[in-house]
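FYI, it's all coordinate maths here, none of it is from the lab. Keep in mind it's a predicted model, so treat the numbers as computed, not measured. Positions of Cβ are backbone-derived with ideal geometry, glycine not excepted, and every protein chain shown enters the neighbour counts.
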Amino acid sequence: MTSWTASDLERVGRADELKISSTRPDSTYRPFVIIWAVRVGDDLYVRSAYGTANPWYRRALRSTTGRIAAGGVEAAVAFVHVDPDDTPLQEAVDAAYHAKYDRYGARIVGTVVGPTAHLSTIRIDPR
């Protein structure tokens, strides 16, 4: 699979929470971690609420592959680090996080938006 289906994008993009798991060196999957995810256009993005030192984030970048589950969709995926200096994209991801999660309050949403959060942006591609 090289791109998300319209149905999968809709279902995962609409889900409040996403389960994410990276692949271990022996090709097994780590346990799921629950995080927030947003849809921008035909892509899905996640960020680490606790910065680039967060263990799930570091493992995802190191392994480059894993799986996700959200909205009734479970899929094998690739993790692609996004250039933090891609301002138009980072601002679009910020806007998507605000639109989807602002109801939880500025303090919480503030952990996944802005320049520090841009450092941890990952695009999730199906594989």
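For the chain, what percent of Cα pairs sit more than 26 Å apart? Taking all Cα-Cα pairs of the chain, the fraction more than 26 Å apart is 13 percent. For the range 1-54, the gyration tensor built on C-alpha atoms gives an oblate shape. Its axis ratio a/c (a ≥ b ≥ c) is at least 1.5, and a/b is not larger than b/c.
Remark: relative contact order (the chain) = 32 percent; criterion is Cα-Cα distance under 8 angstrom and separation of 6 or more residues.
Highest mean packing comes first when the peptides 13-26, 38-51 are listed by Cβ atoms within 10 Å, giving 38-51, 13-26.
For the range 61-105, the orientation-averaged shadow of the C-alpha convex hull comes to 4.5 nm² (one quarter of the hull surface).
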